[in-house]
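Chemist: Take this structure, written in structure tokens, and hold onto it; I'll ask about it next.
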Amino acid sequence: MGRVLAVANQKGGVGKTTTAINLAASFAAAEVNTLLVDCDPQSNATSGLGFVKDPERVSSYHLLMGAATAEEALLTTELEQLWLIPSHKNLIGANLELVDADGREFRMREALAPLRDRFQFIVLDCPPALDLLTLNALVAADAVLIPMQGEYFALEGISELLDTIERIRASFNPELGIEGVVLTMFDERTNLAQQVMNELKNFFADKLCKTTVPRNIRLAEAPSHGKAALMYDPRSKGAESYIKLAKEIIERQASGFGLPVSGEGATVERTEENAALAAPDAGSGAAADGGEGVVEIPATAEMDKTA
């Protein structure tokens, strides 16, 4: 069964779509069949891979409304092992149209179920809100990857997301876990960023990804060319960071599911061509301490947000 990862954070501007696009592309570059699902009415993940707006195209809106199957919505991309289910601005209407629908929270899960054996990773790009669209994505997901900036407001907002995750576990998806928290637009030179990272380490332990994503102009430029960063400039710091993040998650899952990890006959390996996309140190030191499942958060646990 494929692993479904929801890239979610109700705070806007933290790099959710950038993370979803480039993480999915990095999985594909590692010769892993990957599906990116655009669940955001803004359709930035769709345009970021070079697809122009087309109201006639089957999209994630049709999946939620039961008007089409996921197979019918699949689009091939520039990367051989990356597929996309696009979005459209009509998706914003699903929040209202599904209010009285039966099983409204399970629409995305049911739509993606037939594809889970086909893809090793399914990445869901969520909108910056805790609405019915995000709820559908979290109910469909096995785990949540949380991008966040190393700033004070990010610490404030993450508590709301964790509360939402707990409620979804209790009501709809008891297996929902936290894949990790990844720091984006990270500037390691500032004291504030270091303090926030230390706070997150204390709170999330090994669920804080070892890989951080720096501010990088190539990451910002790539969507205007309809490309993932590793296709636009494979040796940029941004592309290298997401290759490291993909490697960290793949090795974490390989360890968690009892699969051989890289270098020990892994079923997921990079070809020489794909390995050359990263700088010589791109794959070093990225593997996370193994472990899958739900993060246990003590009732009394609180992050120090005074940094």
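Chemist: Report the full-extension gain for the segment Arg215 to Gln194: residue separation times 0.36 nm, less the Cα-Cα distance, to one decimal in nm.
Modeler: Additional length available on full extension: 6.1 nm.
Chemist: Here's another thing I want to ask about it. May I ask you to derive the FRET efficiency for Met1 and Lys201 from their Cβ-Cβ distance with R0 = 30 Å, giving the value to the nearest 0.05?
Modeler: The calculated FRET efficiency here is 0.45.
Chemist: Right, another one. Remind me, relative contact order of the stretch 1-160 in percent, using alpha carbon pairs under 8 angstrom and six or more residues apart?
Modeler: The value is 41 percent.
Chemist: Take the Cα radius of gyration of the stretch 1-153 and divide it by 2.2 N^0.38 Å, with N its residue count; two decimals is plenty.
Modeler: 0.95
Chemist: Then there's this: Once fully extended, how much extra length lies between Asp117 and Glu71, figured as 0.36 nm per residue of separation less the alpha-carbon to alpha-carbon distance?
Modeler: That works out to 15.3 nm of additional length.
Chemist: Which order do Lys237, Lys11 take by accessible area at a 1.4 Å probe, largest first?
Modeler: Lys237, Lys11
Chemist: Evaluate 2.2 N^0.38 Å with N set to the residue count of the stretch 175-248, then give the Cα radius of gyration divided by it.
Modeler: Relative to the 2.2 N^0.38 Å estimate, the stretch 175-248 comes out at 1.22.
Chemist: Just to be sure I understand the model, the point goes 7 Å from the Cα along the line to the Cβ. What's the resulting Arg57 to Asp187 distance in nm?
Modeler: 3.5
Chemist: Can you figure out the FRET efficiency of Ala101 with Gln42, using R₀ = 30 Å and their beta-carbon distance, to the nearest 0.05?
Modeler: 0.85
Chemist: Rounded to the nearest 10 Å², what accessible area does Glu188 show when all protein chains are kept and the probe is 1.4 Å?
Modeler: The value for Glu188 is about 130 Å².
Chemist: Okay, moving on. For the full complex of protein chains and a 1.4 angstrom probe, list Met185, Met197, Met108, Met1 by accessible area with the highest value first.
Modeler: Met1, Met185, Met197, Met108
Chemist: Could you please state how large a percent of the accessible area of the stretch 1-132 is carbon and sulfur, counting protein chains only and using a 1.4 Å probe?
Modeler: 49
The values are calculated or read from the model by the stated rules, or taken from the named source; none is laboratory data. Predicted model only: the values in this text are computed from it and were never measured. Don't worry about glycine lacking a Cβ; one is built from the backbone with ideal geometry, like all the others, and counts go over all protein chains shown. Just the protein is used for accessible areas: all its heavy atoms, side chains included, with ligands, DNA and RNA removed. Shrake-Rupley method; radii C 1.70, N 1.55, O 1.52, S 1.80 Å.
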